[in-house]
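The values are calculated or read from the model by the stated rules, or taken from the named source; none is laboratory data. Given the structure is predicted, the values throughout are model-derived calculations rather than measurements. Cβ atoms come from the backbone with ideal geometry, glycine included; neighbour counts cover every protein chain shown. Just the protein is used for accessible areas: all its heavy atoms, side chains included, with ligands, DNA and RNA removed. Shrake-Rupley method; radii C 1.70, N 1.55, O 1.52, S 1.80 Å.
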Amino acid sequence: METDISTLAEAVAQLQASAAATNTIFAETYYFLSIPLMVLIHAGFLAYEMGASRSKNALASGIKNILAFAMIVPFFYFIGWWIYWAFPTGLSGSEGAMGISGIGYATEVAAPWSAFMGPNLDDKSSGVFFGAFVLFAATTASILSGALIERIRLTGFVVLAIVLGAFVWILAAAWGWHADGWLVTQWGYHDFGAAGVVHMIAGFFTLGVLLNLGPRVGKFNPDGSANQIAGHSMPMTLIGLMLIIAGFWGFLMACVIVPGEAWSWSTTMGATIYGTPMTLSGMTFNTIMGFAGGIIGAWMVTRDPFWMMSGALGGIISCAAGLDVWYPPMAFAIGFIGASAMPFVASFLERRGIDDAVGAFAVHGFLGMWGLLAVGIAAQGYPALAGEDVVTTSFLGQLVGAVTMGLLGFVPGYVVSLILKVTGQLRVPPEVEILGLDAVKVPSRAYPEGINASVSPAE
Amino acid sequence: METDISTLAEAVAQLQASAAATNTIFAETYYFLSIPLMVLIHAGFLAYEMGASRSKNALASGIKNILAFAMIVPFFYFIGWWIYWAFPTGLSGSEGAMGISGIGYATEVAAPWSAFMGPNLDDKSSGVFFGAFVLFAATTASILSGALIERIRLTGFVVLAIVLGAFVWILAAAWGWHADGWLVTQWGYHDFGAAGVVHMIAGFFTLGVLLNLGPRVGKFNPDGSANQIAGHSMPMTLIGLMLIIAGFWGFLMACVIVPGEAWSWSTTMGATIYGTPMTLSGMTFNTIMGFAGGIIGAWMVTRDPFWMMSGALGGIISCAAGLDVWYPPMAFAIGFIGASAMPFVASFLERRGIDDAVGAFAVHGFLGMWGLLAVGIAAQGYPALAGEDVVTTSFLGQLVGAVTMGLLGFVPGYVVSLILKVTGQLRVPPEVEILGLDAVKVPSRAYPEGINASVSPAE
Amino acid sequence: METDISTLAEAVAQLQASAAATNTIFAETYYFLSIPLMVLIHAGFLAYEMGASRSKNALASGIKNILAFAMIVPFFYFIGWWIYWAFPTGLSGSEGAMGISGIGYATEVAAPWSAFMGPNLDDKSSGVFFGAFVLFAATTASILSGALIERIRLTGFVVLAIVLGAFVWILAAAWGWHADGWLVTQWGYHDFGAAGVVHMIAGFFTLGVLLNLGPRVGKFNPDGSANQIAGHSMPMTLIGLMLIIAGFWGFLMACVIVPGEAWSWSTTMGATIYGTPMTLSGMTFNTIMGFAGGIIGAWMVTRDPFWMMSGALGGIISCAAGLDVWYPPMAFAIGFIGASAMPFVASFLERRGIDDAVGAFAVHGFLGMWGLLAVGIAAQGYPALAGEDVVTTSFLGQLVGAVTMGLLGFVPGYVVSLILKVTGQLRVPPEVEILGLDAVKVPSRAYPEGINASVSPAE
């Protein structure tokens, strides 16, 4: 037994170092693991979108999805990550109360020449955080992607994906998903699981683009009635959606700040990105109950497997803003209500001549908004930030947030797509659309043989 | 260097708090991560079942699978979780020796109004444990689901899935997968990886249902000989099975109690759910060797890729009850033997006029039983619980456990399906079955265009 | 407050034990989790290869892939793991400077009768390390597998897979991916992410086999010009490749030694397998930038989704050897350059009459080599080992490593396949190849019905 105080002090110092190291590598691993899970979201979206396309457009949809993911990465590295840290307090780029925002701070930690933007033995967090945020960015582009299939030009789409993924959503995140964000500090905006800053932004951006892009040839009849244009493989779409659900747990875990030594909000408590305390356990209850409510709601309204799996996602999105605070049966109800309404929102758009091929606005834009407002309705009065005497959540704050997210998504989507339309970069020519994008634009074939009955087996 | 003892004591106290916090968030993350992996099991089952259905029934199979998952969640939240804690000592609901069971305890920790059943800053384990158990529940329903495809009525199936997933298996888990469970405390029943409480239960429940459900139209000829009714996409089924294998590591990791501060069995040692020590390392050796033995065994007997991948799963299930104790070459042998026998069990059922569309009884029911008995044969004498002078594993104990699991699975499956049959809720009418469930019951189509040879590519 | 020094010493001792336990279970979990992610690589390869086969060979390709995975496991358990520890210093099997190599050491820790080769309550690392290495082994076999589809005999393939997965690559790992490896200690060879020891080895082994196996019937015309033999489902191939990308994060995380108490390189710092310090954060930046550069490079050269997704993988492989050290925009450039060159390498082989069905040599062999040389060109002078006065990375060292890997891969691949060819075990007869392997060798059918347009839905 150690009885000498200096020996003991030495042991304590060593223990402090090794315990801190364990905490740090745990935290680094935590965010690291969110990334392969979010890559599953992309495997899922790839399957989903190709399945939702007619076979003449299946590969063109896949190319679009893959290329958008790739293109967003360097833009996010060079600019997007800097935007997140530069503009929380608004476009002035001034420093916020927490001291982790403003142009000066951003340039220090997120400019591409910063020591934090590459391997650095003293920095065990920037890369994994960056990685998680890049995957969020790529998710926004995938949300957009599905709605526009079968007629958008690749160039135009890539421009839109970069604008959304490396500029628009990350500005929204700076405003509403950062402890110095003006929506948070001034309005008590609460959006734990990115219902607004990812889903609403992506959904409303998509809506803006759809207005300029127009419907697919054959979607609407001369009398204005709509035809269903079914994708070529519903099983592929359903499997893709279930992969998205698996990956979504990675998305949600990356919304948590784990307790730790160096850069966390607390040494002993998990927290939201705002610094308010929460637990993975609470979030798990609500995620799974929202998921179940969403499926059941969509099933009761439609009986359709596409809407059921969209409802699985939609149920989680409906609960996302308040996943840290809901009572689980309430999460079930919010998911159920949201997913029950979702198909009607999709029909509403369709009746207005808007051709959203996969219901992206209904699932992400509308239910992201519902998620924000649900917090305003049923979870008022929670502190929006760590510390004492802080602003609290309120219906008005959530409403201001929802309006901001709607505009911040819609306007750039509308304006950029209008510019692309005017310059002829938005849409493929009708003859290409009719023939199929794969035949004209893609050097390989989806199903060169078709799929005929296999020959008789060996036994 | 700190030399003042009160300063040092302060440092130690801080360190105790932060080390405990690291341990707690690690443990919470550990169970959290098992959940997306188990969602992959569901993505896999979805692909597997749709692929194993003829294309006229593909979406109906998918709907069934998705809806069962969703329906189990609220029932498990409101009742199932409470059952697990209430009835370990038997249906009396009395408290067990460990003090973590009985109706009083269950109501305290698992009633839906309990403070442990939702976000609670002082509870960093209930939600993630609950989540893992719900996914186990959903897995039991997926095991059932595949066997019944192409003729079961959705209503009947959902009822059966809820009975199995929110009542039957969790009662089995209370009895045999809980440190106060009577099978454990009285018989030394050892079932580390849920071979009995999940796989045998689900397999025997399925057998009970199949007896009432009857074979698909066209499965048997008037002379009693059987026809093979092949699914429409073997590649989809195989990919699904490999996703199940990936997800199975999540299932198995959730069978471990990690060492920790608050609620673990030990502060320094991983444990089974019974509190007996084990390591992830040992379990990994055995899982991978059982997997390999299963594939090779099934290949030698059948040469068929469907049975090979079923054997991959079956090999792991064969080893599951003793994954913590096998010598790895023994795990290979147990997996090999089990998977070699599996196709014969499937044929045996078929010759008796039972139409198990995917061999669910052979893979889960029979091999779960084999796994339990293998522990009784080759791993006798291990302590079944933590502590001194405890009951040990024995062949008799495993046999009692296997008989219990067989009956506890079979009887409710048989009785509930009989009630459903009598009330006309079990099976679709023959004309629907012949036409295909998708055409009659599903508002969308699996392959609206078929899959024809793609048009020529661009270059 | 504790004021008694012996009480405090007691508290410190307890804390040391519990902090060590947390670190140990974290580290064990870390490697454990790499395994299901790497099983996703196999789910991906399964989809990829079946999709890349004509439908008449789809199941034969799947069987090959599944069986190789299974067969490698016992061979790796009984021999491969022992080889890794026995031969780092060369075929003499002498002990190296670190004291963790040589025949004596290997027999102690890795002989199948060793206490480290199964459940052992005192060993919380061997099994999870072994598991990760087995999955690496299986990955090498999957790389080989794709190139040889549609004409290789199953027996011959399994022999080749075992030779590659349980002997050749692990000898390469002993030499170049072990702190006592002669390539490392003598030449400063640096191969963080196994660009050489996995990808180059597998690629060059494949090349050796392809020379003896010969092209598929119909691949080349009498004038020597090549025909494209497209697989039956490009969407299945693309989804498979995205699953491989998700799983690749598991592969890369298993290349890291996490800081810890017992067996790590450092108590406070993550390390490469050589013991040099690195961070997950740095690796994450570079992985994602290499991924993006690879897709964009392949897209600019080909516009083909198959090459884009191969470029995603190829971009990561190009950066793999130096993932711990690149500046992220450099990783983007290295991925971009590598993936841009990749299709030309594939064409080059094709013009020489070599039929690599999926471009495995170009993606893995060539880009693995490029990755090694890139470190030699742009990352010279890094210490190759932990400690003082150690050898550093150099162009010459990387060149020696690349030549060694090329030969160590190519020669056994060529020689073993030549023996198989001479003994008639390498290739199926031409009439079987023309009819399709599934019809002759497989007792089940891929698509018994074909995939025809679904019947009209219910509504």
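Where only DSSP H runs of four or more residues are counted, chain A gives -19500 deg cm²/dmol as its mean residue ellipticity at 222 nm, each run worth -39500 (n - 2.57). Just how many % of Cα pairs in the stretch C:255-370 lie over 17 Å apart, if you round to the nearest whole percent? Here the long-distance tail beyond 17 Å is 56 percent of all Cα pairs in the stretch C:255-370. Close amide H contacts of C:THR392 (hydrogens built in the peptide plane, cut-off under 5 Å, sequence separation of 5 or more or a different chain): C:ALA384. Here the stretch B:336-459 yields Rg over Rh of 1.20, to two decimals, using C-alpha coordinates and the Kirkwood radius. This model, with +1 at the C-beta of Lys and Arg and -1 at the C-beta of Asp and Glu, gives chain B a dipole about its Cα centre of some 1840 debye. Each other copy places its own label point for C:VAL391 at 6.0, 6.0 nm from this one, sorted shortest first, where the point lies 7 Å along the Cα-to-beta carbon line. Measuring spread by the Cα atoms of the stretch B:394-459 yields a radius of gyration and Dmax of 23.2, 70 Å. From the Kirkwood radius over Cα pairs of the stretch C:128-211, Stokes-Einstein at 4 °C and 1.567 mPa s returns a whole-number translational diffusion coefficient of 98 µm²/s. Counting other Cβ atoms within 10 Å, keep those with at most 13, restrict to DSSP loop, and tell me which GluC sites (Glu not before Pro) in the stretch B:348-452 are left. Passing sites in the stretch B:348-452 are B:GLU388.
Test of the criteria: in the stretch C:1-42, which chymotrypsin sites (Phe, Trp or Tyr not before Pro) are in a DSSP loop and have at most 14 other Cβ atoms within 10 angstrom of their Cβ?
none
To the nearest 10, the accessible area of B:PHE248 is 10 Å² with a 1.4 Å probe. When you filter the trypsin sites (Lys or Arg not before Pro) in the stretch C:286-376 for DSSP loop state and at most 15 other Cβ atoms inside 10 Å of their Cβ, you are left with C:ARG352.
Treating each Cα of the stretch C:214-256 as one equal point scatterer and applying the Debye formula with no solvent, the log10 of I(q)/I(0) at q = 0.24 Å⁻¹ comes out as -0.81. For the stretch A:1-111, the equivalent ellipsoid derived from the alpha-carbon gyration tensor has semi-axes of 45, 26, 9 Å in decreasing order.
Over every Cα atom in the stretch C:203-316, the radius of gyration and the widest Cα-Cα span, Dmax, amount to 19.7, 65 Å.
Distances between equivalent label points of B:ARG351 across the copies, with each point positioned 7 Å along Cα→Cβ, amount to 6.3, 6.3 nm, shortest listed first. Across the stretch A:215-221, coupling constants 3J(HN,Hα) worked out from phi with the 6.51/-1.76/1.60 Karplus curve, θ = phi - 60°, read x, 5, 4, x, 5, 10, 8 Hz, and Gly and Pro carry x. Put simply, the convex hull of the Cα atoms in the stretch A:229-284 casts, on average, a shadow of 5.6 nm².
Based on protein heavy atoms only, the protein assembly as shown ends up with 28 Å² per residue of surface accessible to a 1.4 Å probe. Counted by Cβ distance under 14 Å from A:GLY62, the other residues give a net charge of +2, where Lys and Arg count +1 and Asp and Glu count -1.
Here chain A has an Rg and Dmax of 23.1, 92 Å, counting Cα atoms alone. In summary, the helical segments of chain C meeting the span-like criteria, namely a full DSSP H run, a Cα extent along the axis of 20 angstrom or more and a mean Kyte-Doolittle hydropathy of at least 0.5, are C:5-52, C:58-75, C:126-147, C:234-253, C:280-302, C:305-320, C:328-351, C:395-422. Proximity of backbone amide H atoms, modeled 1.01 Å from N, is registered between C:GLU449 and A:SER454 at under 5 Å, excluding neighbours fewer than 5 places apart on the same chain.
Legend: residue pairs B:LYS64/B:LYS441; A:LYS64/B:LYS56; C:LYS56/C:LYS421; B:LYS421/B:LYS441; A:LYS56/A:LYS441, Cα-Cα distance threshold 21 Å; pairs beyond threshold, A:LYS64/B:LYS56; C:LYS56/C:LYS421. Here is how far apart the B:VAL415 label points are across copies: 6.9, 6.9 nm, shortest first, using a point 7 Å from Cα toward Cβ.
When you work out D = kT/(6 pi eta Rh) for the protein assembly as shown at 10 °C and 1.306 mPa s, using the Kirkwood radius from C-alpha pairs as Rh and the Stokes-Einstein form, the result is 51 µm²/s. Taking amide H as placed 1.01 Å from N in the peptide plane, A:PHE220 has its amide H under 5 Å from the amide H of A:ASN227, each at least 5 places away in sequence or on another chain.
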